[in-house]
Amino acid sequence: MATIDALDFTVNIKNLQSTQFVEKRYSNELSPNQVLLKIDRFSFTSNNITYGIAGERMNYWKFFPTQSGYGIIPVWGLANVIVSNHPEVKIDQRFYGYYPMSSHLLVTINKTTSKGFVDNTEHRQALPPIYNFYANTEHDPIFTSETEDLISIFRPLFVTSFLIDDHLAKQNFYKATQVLVTSASSKTAQALAHLLAHRKKENALNLNLLGLTSKRNVEFVRQLGWYDQVMSYDEIAHLNSNEKFVVIDFAGNHNTQFQMQTLLKDKLQYNCLVGLVDWQNLEGENPLPKKGEFFFAPEHAEKRQKEWGQVLFQQKTGIAWQQFITSIQSIISIKEYIGLEKLEQLHLNMLNGKINPEHGNIVDLSR
């Protein structure tokens, strides 16, 4: 029986800076309806750090289980079929989806469509369906070979941003005039800023879009052209506390939250918690006046898909995506990390905030 050597990149779930490469083997004789994919390329953004930080609370460790005490951080990317025991899935077909930081993924498929398949492996069946679908790139109209890397980087983040933008509009922005976005240089924040700026212009909304970022990223965020105002974190005291605010928090910094809540008080209409980019500062001495509301994108996606129907949901996100991808192509440059050592270096740099927001980071373990 021939075997296929594989590798997982695992992290200690109590200390994400502690990592291990775990070797494993797959047989090329698969059970019925099993398919083995070789992961080609995947993106690595601050969103993946959020997956790791919230791994236990949000069940992210359950998608790709590994040895006790360790987890595999999920990523979005592309893989090719190398072994198939499913009659409708062919060798060399290419699929975009939710993968482990690994060289391979074994999936179990009940049925397929021209658009793709759902992984029905037993341990994934109770997890959010949006993470279990793998899109066939041959039949997905947004895929081109030129934009595959940008799709890996931005597509999952863009859907989250689309849903936040949609939610805010549905709630009439909670009657606020100020929309403040923390970690404004992060990829999800970039997508959200683009969507909000477009909505503001199209509907002549009385909104001031503020980007909050570190000093070193102020100029980059300003040059994006989507925010009306860009501030560094040490300028929070200058916020106009007479206006009503919506805060979209991608950073998760406890002290930043405390400053904003203390300053804005009842003028803070909606405090939306999305990411944990600043994972080293999630706690602080001063208890927060209010906890804020966690935004879990899969729940909002399922709700909108039921209300609009799957086709209309795809149409709406597709139109918005095309507008965004056209804008972002000239802003973000792709930086490749090839091989295991480069992946480990990128992981540690991401944890420690040593990332250039102008780069889109792509990992390639296939070479």
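Tabulated data
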| quantity | calculated |
| --- | --- |
| Which numbered condition ILE331 misses (of (1) crowded, with 16+ Cβ neighbours inside 10 Å; (2) under 26 Å from LEU163 (Cβ atoms); (3) among the aliphatic types (A, V, I, L, M)) | (1) |
| Selection count, region 227-239, where residues are in contact with a strand residue (DSSP E or B) (Cβ under 7 Å, 6 or more places away or on another chain) and assigned to a loop (DSSP other than H, G, I, E, B) | 2 |
| Any pair with Cβ under 6 angstrom, 6 or more apart, that starts in region 162-184 at a residue that is outside any strand (DSSP E or B) and ends at one that is of a type in the set (Lys, Arg) | ALA176/LYS244; THR177/LYS244 |
| Every pair of residues 6+ apart whose Cβ atoms lie under 8 Å, when the first sits in region 127-144 and is at positive phi and in contact (Cβ under 8 Å) with a residue 60 or more places away in the chain while the second is surrounded by 16 or more Cβ atoms within 10 Å (Cβ to Cβ) and part of a loop (DSSP other than H, G, I, E, B) | none |
| Selected residue (only one of VAL83, VAL35, VAL118 is buried (at least 22 other Cβ atoms within 10 Å of the Cβ) and either part of a helix (DSSP H, G or I) or at pLDDT 95 or above (or both)) | VAL35 |
| Filter pass, GLY309 being loosely packed, with under 12 Cβ neighbours inside 10 Å, of a type outside the set (D, E, K, R) and on the phi > 0 side of the Ramachandran plot | yes |
| Selected residue [out of contact with any Pro (no Cβ under 7 Å at 6 or more places or on another chain), at pLDDT 95 or above and buried (at least 22 other Cβ atoms within 10 Å of the Cβ)] from PHE44, PHE63 | PHE44 |
| Number of positions in region 264-283 that are within 26 Å of the chain's Cα centre (by Cα) and either assigned by TED's automatic domain parsing to the domain that holds GLY353 or not in a strand (DSSP E or B) (or both) | 10 |
| Top-ranked residue of region 314-359 - restricted to ones that are in a strand (DSSP E or B) and under 19 Å from the mean Cα position of the chain (by Cα), ranked as farthest from ILE73 (Cα to Cα) | SER333 |
| ARG155 being part of a helix (DSSP H, G or I), over 30 Å from SER114 (Cβ atoms) and not hydrophobic (A, V, I, L, M, F, W, C) | no |
| Every residue from region 198-219 that is assigned to a strand (DSSP E or B) and surrounded by fewer than 20 Cβ atoms within 10 Å (Cβ to Cβ) | ASN208 |
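The values are calculated or read from the model by the stated rules, or taken from the named source; none is laboratory data. Every value quoted in this text rests on a predicted model; they were computed, and no experiment measured them. No Cβ is skipped: glycine too gets one built from the backbone with ideal geometry, and neighbour counts run over all protein chains shown.
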